[in-house]
Amino acid sequence: MLGAAFALVAVGAGAFGAHALRARLTPDLLAVFETGARYQMYHALALLGVAWAAAQWPSSLVAAAGWLFVFGMVVFSGSLYLLALSGIRWLGAVTPLGGVAFLAGWAALLIAAWRGAGR
């Protein structure tokens, strides 16, 4: 459910950026906004993969991967959206925390798959 919801928002954000913001933001801030939408979509799709993985290899690692992706989308993409719309540059310092959550989520999913494949 969360994967579909985040994908829906990512498509809306992408369309909003492409149509409503193109004339309002500088090219560098528009690129920042688009990066947020792109990474949100990647990880919304990853959440759908986590749902599948949870059925294949039920474990706390799979659940952790999903929640790390959610946290990463909120922090990474959210900080980029806010930075682009507000111009507040210090928000860029928050973005890497979301990136670390993405990496941790992928690592957790990798370990869960490794363990699940060994059964």
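From the list Gly49, Gly36, Gly66, exactly one residue is surrounded by fewer than 19 Cβ atoms within 10 Å (Cβ to Cβ) and either among the charged types (D, E, K, R) or part of a helix (DSSP H, G or I) (or both). Which is it? I'd like the intermediate steps shown before the answer.
Numbers: Gly36 fails: surrounded by fewer than 19 Cβ atoms within 10 Å (Cβ to Cβ); Gly66 fails: surrounded by fewer than 19 Cβ atoms within 10 Å (Cβ to Cβ).
When all the criteria are applied, what remains is Gly49.
Given the conditions (1) within 16 Å of Leu2 (Cα to Cα); (2) open to solvent by 10 Å² or more (accessible area, probe 1.4 Å), which single one is not true for Ala93?
Of (1) within 16 Å of Leu2 (Cα to Cα); (2) open to solvent by 10 Å² or more (accessible area, probe 1.4 Å), only one is false for Ala93: (1).
Considering the stretch 4-39 alone, what residues qualify as being of a type in the set (S, T, N, Q) and at pLDDT below 95?
Thr26
Taking the stretch 96-119 on its own, how many of its residues are open to solvent by 20 Å² or more (accessible area, probe 1.4 Å), more than 20 Å from Tyr42 (Cβ to Cβ) and not hydrophobic (A, V, I, L, M, F, W, C)?
Counting residues in the stretch 96-119 that are open to solvent by 20 Å² or more (accessible area, probe 1.4 Å), more than 20 Å from Tyr42 (Cβ to Cβ) and not hydrophobic (A, V, I, L, M, F, W, C) gives 3.
Can you name the condition, by its number, that Leu82 falls short on among (1) within 15 Å of the chain's Cα centre (by Cα); (2) in contact (Cβ under 8 Å) with a residue 12 or more places away in the chain; (3) surrounded by 15 or more Cβ atoms within 10 Å (Cβ to Cβ)?
(2)
The values are calculated or read from the model by the stated rules, or taken from the named source; none is laboratory data. Note that the coordinates shown come from a computational prediction; the quantities given were computed from them, not determined experimentally. For neighbour counting, all protein chains shown are included, and Cβ atoms are generated from backbone atoms with ideal geometry for every residue, glycine included. Ligands, DNA and RNA are excluded from the accessible area calculation, which covers all protein heavy atoms including side chains. Shrake-Rupley method; radii C 1.70, N 1.55, O 1.52, S 1.80 Å.
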